[in-house]
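Colleague: This is the structure I have questions about; it appears just below.
All of the numbers you see were taken from the coordinates with simple rules; none came from a lab. These numbers were taken from a predicted model, which means no experiment stands behind them. Here Cβ is always computed from backbone atoms with ideal geometry, including for glycine, and neighbour counts include all displayed protein chains.
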Amino acid sequence: MANRGGIVRALVGVAISVITIVVIVRGVDLAKVVDILRTANPAWVALTLACVVLDLSIRSLRWKRLLAPVRSVPYSRMVGYLLIGYLANNVLPARLGELVRSHYLGDREGISRATTLGTVVVERLIDTTVVVAIASLAIVILQVRGLVANAVLFGLAVTSLGIVVLAVLIVAHRLPGAERLAAIIQRWPRIADVARKLRDGLSVAGRPRTLLEALALSGLAWSATIVSFAAAGQAVGVQLTTAQAALLVSGVALATAVPGGPGNLGTFDLAGVVIATSFGIGRETAVALVLLAHAASLVVTSVSGGIALLRLGWTRRTSAAVGEAEPT
């Protein structure tokens, strides 16, 4: 039954990507888009790629800090685990790479997969919080109305709900009736064990210092992404303001929260094109800008993810091997 649900989710994600791609290409002069990309400034393209690398480096450090209360894992390996997850996202639909990286890290480091997944859930919630904050500031500065503003407000509502749910899960053992519920769950030891380990991962959000570090690193990571989009704009002859680049980045990020096809194809691009054209940018130029920014991310994560997979291997690491690994 679980496999069937996963297949349905994957098919829905692919369908969403196909539909959004069709919407993007309708009425677009693809030959002109190709010409714009062909004449893109190499120096700005290089800066776009460099910012993607910086973004991934910061995200790896953030995951390491979130995992630190559970287990200290060397930064070099954390980079590899993150990149493998991004590589999986590029070839699997519905953002299944998030499950892949938590599973992979858990197996390789001897940590419960439920616990590592808990840290990923916290990471995603922190990311969404920062993205919504960036988007909210951008729409105020740009005085944006309509669909984009409504999408940000919806994202704010979802984020607020997520924060409340996470807080409840962290303190659930202290709530009235918690002991009775725990006694009921103990009838199924396996479920109780998974729930406990998942809570261990989620509980990192209850550590103020860890949470503040993660929020600060998230801000730095998204700043790098904003610069990468601005550089992609310069590469195709568009000078985005900081607020415009910020709204473009945050809008794309919120759109890709919707499970789509591999690599967020379609969902990423449609959101980017809609926002870019709202700035008065021509449709073909907007498509070229978004495709360049998206391609930079896909190329860096695919190549580096492949290298990480070759370096770390796919087989499970034994406890002895972990113990002999490089120091933190």
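Colleague: Please sort through the DSSP H helices of the chain and keep those with an alpha-carbon extent of at least 27 Å along the long axis and a Kyte-Doolittle average not below -1.0. Mind showing how you got there, number by number?
Modeller: Working: long enough: 2-25 (35 Å, 1.91); 42-67 (38 Å, 0.96); 113-142 (43 Å, 1.64); 147-170 (34 Å, 2.55); 208-235 (40 Å, 0.94); 283-312 (42 Å, 1.42).
Membrane-span-like by this criterion, though nothing is claimed about a membrane: 2-25, 42-67, 113-142, 147-170, 208-235, 283-312.
Colleague: Put +1 on the Cβ of each Lys and Arg and -1 on the Cβ of each Asp and Glu in the chain; which of LEU298, VAL273, LEU105 then has its Cα farthest toward the positive end of the dipole?
Modeller: Value computed over the given set: LEU105.
Colleague: Turning to a different aspect of this structure: Among ARG26, ARG38, ARG65, which one shows the highest mean-square fluctuation when the chain is modelled as a Gaussian network with alpha-carbon springs under 10 Å?
Modeller: ARG26
Colleague: Another question, if that's okay. Just from its helices, what would the mean residue ellipticity at 222 nm be for the chain, if runs of 4 or more DSSP H residues each count -39500 (n - 2.57) and the sum is divided by every residue, rounded to the nearest 500 deg cm²/dmol?
Modeller: Taking each H run of at least 4 residues, the total per residue is -26500 deg cm²/dmol.
Colleague: Using the crude model of +1 on Lys and Arg Cβ and -1 on Asp and Glu Cβ, and no other charge, please compute the dipole size for the chain relative to its Cα centre, in debye to 20. Write out the running numbers ahead of the final one.
Modeller: On the way: 30 positive and 16 negative charges, 196 e Å.
Roughly 940 debye, rounded to the nearest 20.
Colleague: Here's another thing I want to ask about it. Which one, LYS197, LYS32, LYS64, has the greatest fluctuation when you compute a Gaussian network model over the chain with C-alpha springs under 10 angstrom?
Modeller: Among LYS197, LYS32, LYS64, the largest mean-square fluctuation in the Gaussian network model of the chain belongs to LYS32.
Colleague: Within 14 Å, Cβ to Cβ, of ARG59, how many net charges do the neighbouring residues add up to if Lys/Arg are +1 and Asp/Glu are -1? Intermediate results must be reported in sequence, preceding the final value.
Modeller: Numbers: positive: ARG62, LYS64, ARG65, ARG101, ARG124; negative: ASP55, GLU98, GLU123, ASP127, GLU213.
Net local charge, ARG59 excluded: 0.
Colleague: Report the local net charge at LEU30: Lys and Arg +1, Asp and Glu -1, summed over other residues whose C-beta lies under 14 Å from its C-beta. Intermediate values should be presented prior to the final figure.
Modeller: Values: positive: ARG26, LYS32, ARG38, ARG283; negative: ASP29, ASP35, ASP269, GLU284.
Overall, the nearby charge balance is 0.
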